[in-house]
Amino acid sequence: MTQRATASGGWLGPYVIAYLVFLYLPVALIVLFSFNDAVQAAFPLKGFTLSWYEALLANETLRGALMNSVGIGLTVSLVATVCGVTISYLEIHGRSRFATLVSAVARLPLLIPGVVIGIALLILVNLSGLGPSRLSIVIGHVLVALPATVIVLRGRFQAIPRSIAEAAEDLGAHDGVVFRRVMLPLALPAVASAAMLAFLTSFDEFIVAFFLAGTEPTLPLYIWSQLRFPKSLPMVMALGSAILAFSILLAGAAEVLRRHSPGRGPA
């Protein structure tokens with residue numbers, strides 16, 4: 001048994017290394033070529049340059065797409081987090097089958113392909129008269145971001161002992177006071193984490209935005225449009241590198257907040 005476990009462990013290290021190389025080498029190459037002083041992404045490298053990053057700052061169309069993504073992301077983050085707090089709290093502390101059903105439905109988009117969601121939402125906004133627009137993108141991104149907020153907040157509310165809420169009720173606090181003065185403050189780090197993840201989900205989302213965008217493209221749609229032009233490839237790689245760094249920082253901050261909620265040790 002020990003020899004078999006040792007043999008399995010001997011394969012584990014090379015497998016993990018191969019997996020990491022397969023997953024992250026293309027990303028590392030994008031970052032590397034974003035500093036290459038050549039239009040073509042090929043070896044050998046021609047030299048080091050920051051001109052592609054400077055071109056990003058001078059691109060007005062890019063700035064417009066960035067502001068669209070930021071504005072949509074902030075709105076989605078607010079709406080999805082409020083909905084996530086409500087759904088998660090009612091499921092855990094409301095003791096209602098209907099709340100449990102709503103929570104399950106809110107997490108369902110994780111299992112539905114993005115193309116299906118995009119097509120369904122496009123039909124819906126056309127039938128409702130909204131049509132492809134920024135508001136339509138917000139609605140679609142809330143649907144996509146909601147599962148992340150519900151999962152994070154559901155876990156946090158489950159981790160808070162019920163005895164805390166029961167003690168507050170014994171002291172005369174009604175349900176609204178218990179939520180506002182007791183449970184919500186204890187869950188605030190997870191709320192901030194969920195808001196960051198919702199913003200990141202919206203900021204990076206492409207498929208739903210592709211179906212619902214009107215005349216104001218988001219940043220992922222702008223990147224997609226630039227891939228048709230070979231001369232724009234270095235700038236696109238520079239933009240991708242900047243988005244990657246931002247996403248890593250925001251996701252890392254969200255995870256730190258999630259793991260260090262009050263009354264909870266590291267997960």
* Structure fact -> Ranked from fewest to most other Cβ atoms within 10 Å of their own Cβ, VAL178, VAL16 fall in the order VAL16, VAL178
* To do: Enumerate the calculated ³J(HN,Hα) couplings along segment 182-197 in order (Karplus 6.51 cos²θ - 1.76 cosθ + 1.60, θ = phi - 60°), each rounded to whole Hz, writing x wherever the residue is Gly or Pro.
  => 10, 6, 5, x, 5, 9, 4, x, 5, 4, 4, 4, 5, 5, 5, 5
* **Expected-Rg normalisation [2.2 N^0.38 Å, Cα atoms] applied to segment 22-151** => 1.49
* What list of ³J(HN,Hα) couplings, whole Hz, do you get for segment 111-127 from phi and the Karplus terms 6.51, -1.76, 1.60, once you set θ to phi - 60° and write x for glycine and proline? -> 9, 9, x, x, 4, 5, 4, x, 5, 4, 5, 4, 4, 5, 5, 5, 5
* **C-alpha center-to-center spacing [segment 29-68, segment 175-229] in angstrom** => 26 Å
* Structure fact -> Sorted by chain and then number, the residues having a modelled amide H within less than 5 Å of the amide H of VAL39, at least 5 places away or on another chain, are none
* Structure fact -> Bounding extents of the chain in its principal axis frame from Cα atoms, largest first in Å, are 72, 67, 31
* By average C-beta atoms within 10 angstrom, highest first, the peptides 159-165, 34-40 -> 34-40, 159-165
* Exactly which trypsin sites (Lys or Arg not before Pro) in segment 200-263 are in a DSSP loop and have at most 16 other Cβ atoms within 10 Å? -> ARG228
* Counting only residues 5 or more places away or on other chains, whose amide H sits under 5 Å from the amide H of SER133 once H atoms are built in the peptide plane? -> GLY214
* To do: For segment 65-259, give the magnitude of the charge dipole about the Cα centre (Cβ charges: +1 Lys/Arg, -1 Asp/Glu; no others), in debye to the nearest 20.
  => 180 debye
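Read-outs throughout are calculated quantities, based only on the coordinates presented, and are distinct from any laboratory measurement. Only a predicted model underlies this, so the values are computations on that prediction, with no experimental measurement involved. Neighbour counts run over all protein chains shown; Cβ positions are idealised from the backbone, glycine included.
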